[in-house]
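Down below is the structure, laid out as structure tokens.
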Amino acid sequence: MRLTVVLSAMAFLPYFALAKRSAPPRVEPAIHDSIRYVAPNDDGRRAYIEAWDVQTNKKLWELTVFTNHIEPRLEEDVQWVFINKLNVRDGTLLVISERGNTYQIDLKTKAITQSDTTKSATPDATAQLHDIPEVIDRAITNGLLAKDYELSFRVNPFYLRGDFIGDGKADIAVLVKQRSTGKLGIAIINGATDKVTVVGAGNAIGNGGDDFEWMDSWQVRSKGRASQEVEGRVPHLRSDALLVGKSEAASALIYWNGKRYVWFQQGD
């Protein structure tokens with residue numbers, strides 16, 4: 001009996017080890033017809049919005065958009081899903097969750113409808129809520145991304161700028177999902193040629209594998225800073241690098257070695 005209890009507890013150790021999520025995103029309010037709509041993101045069990053009168057600064061109403069099912073056997077905070085983006089269009093408040101789901105709220109009736117926009121094959125309400133850089137738009141339009149991949153908005157920001165090739169021109173790295181498998185990854189678009197290189201999303205790279213579903217944070221590490229901060233010796237860094245990671249776990253650098261993008265592991 002005692003052995004059974006111990007084994008049961010050990011089964012949940014991986015969850016306990018990773019049981020800490022990053023801070024909720026700070027969402028820019030959306031203003032329409034002198035009403036300010038905000039997402040407080042202060043309750044992990046429910047995602048809700050508030051409507052405030054712009055002139056009087058008085059709260060008009062509050063509405064729960066979606067709730068999070070909490071599995072009592074697991075750490076609670078890693079199960080929270082918050083609101084990531086707000087926008088108003090044609091009398092409808094569009095609410096995007098961290099998982100990319102879109103909730104449409106009729107501002108007259110307060111009726112809520114949901115659509116899973118992450119499965120759409122073309123730019124849709126989710127994409128329209130984000131400022132899509134021209135270089136990404138071109139990659140979608142001319143088929144370099146659209147044929148096999150779609151944009152992913154599961155991590156904020158969903159794209160980063162940097163000189164990843166080292167030619168002095170700005171390149172863009174954007175989160176993508178492979179249509180055929182649903183695997184996640186990063187498309188790096190050369191700012192000079194518009195050539196697209198995809199890592200993850202079906203294209204394995206180092207310990208990252210071919211699916212970056214594990215990734216919950218990323219940022220640009222400038223050439224000089226990356227060289228100083230990495231653990232261990234890194235081959236000559238001729239460009240900016242991408243630092244990708246999972247909260248409370250390992251991280252890695254993805255950088256251009258002069259011929260291709262390579263992976264340098266940091267930690268376990």
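For first residues located in the range 50-68 and in a loop (DSSP other than H, G, I, E, B), partners that are among the aliphatic types (A, V, I, L, M) and lie 6+ apart or on another chain with Cβ distances below 7 Å form the pairs 54/31; 54/35; 68/81.
Every residue in the range 175-196 that is assigned to a strand (DSSP E or B) and over 17 Å from residue 260 (Cα atoms), please.
So in the range 175-196, the residues assigned to a strand (DSSP E or B) come out as 175-178, 184-189, 196.
Selection gives 175, 176, 177, 178, 184.
For the range 47-57, the criterion of a residue being in contact with a helix residue (DSSP H, G or I) (Cβ under 9 Å, 6 or more places away or on another chain) and surrounded by fewer than 18 Cβ atoms within 10 Å (Cβ to Cβ) is satisfied by no position. Residues of the range 38-85 that are among the small types (Gly, Ala, Ser) and either more than 20 Å from residue 112 (Cα to Cα) or over 21 Å from the mean Cα position of the chain (by Cα) (or both): 51 alone. Of all residues in the range 72-100, those satisfying the criterion of being farther than 22 Å from residue 32 by Cα and either open to solvent by 20 Å² or more (accessible area, probe 1.4 Å) or β-branched (Val, Ile, Thr) (or both) are 72, 73, 74, 75, 76, 77, 78, 79, 80, 81, 98, 99. Contact map, the range 136-159: first residue on the phi > 0 side of the Ramachandran plot, second residue assigned to a strand (DSSP E or B) and modelled with pLDDT of 75 or more, Cβ cut-off under 7 Å, separation 6 or more or different chains; the map is empty. When restricted to residues that are in contact with a helix residue (DSSP H, G or I) (Cβ under 7 Å, 6 or more places away or on another chain) and at pLDDT below 80, the range 121-160 contains 6.
Residue by residue, here is whether (1) at pLDDT 90 or above; (2) on the phi < 0 side of the Ramachandran plot; (3) of a type in the set (Gly, Ala, Ser); (4) open to solvent by less than 60 Å² (accessible area, probe 1.4 Å) holds:
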position: 210; (1), (2), (3), (4): yes, yes, no, yes
position: 228; (1), (2), (3), (4): no, yes, no, no
position: 232; (1), (2), (3), (4): no, no, yes, no
position: 242; (1), (2), (3), (4): yes, yes, no, yes
position: 251; (1), (2), (3), (4): no, yes, yes, yes
position: 262; (1), (2), (3), (4): yes, yes, no, yes
position: 266; (1), (2), (3), (4): no, yes, no, yes
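Taking the criterion of being in contact (Cβ under 8 Å) with a residue 24 or more places away in the chain and over 24 Å from residue 217 (Cα atoms), the only residue of the range 69-86 that qualifies is 73. When the range 26-46 is filtered for residues that are crowded, with 17+ Cβ neighbours inside 10 Å and farther than 20 Å from residue 91 by Cα, the ones remaining, listed by number, are 41, 44. If the condition is being over 19 Å from the mean Cα position of the chain (by Cα) and farther than 26 Å from residue 137 by Cβ, then the range 195-221 contributes 204, 206, 207.
The values are calculated or read from the model by the stated rules, or taken from the named source; none is laboratory data. Note that the structure is predicted; figures quoted are calculated from it, not measured. All Cβ positions, glycine included, derive from the backbone under ideal geometry; neighbour counts span all protein chains shown. Surface areas here come from the heavy atoms of the whole protein model, side chains and all, with no ligands, DNA or RNA. Shrake-Rupley method; radii C 1.70, N 1.55, O 1.52, S 1.80 Å.
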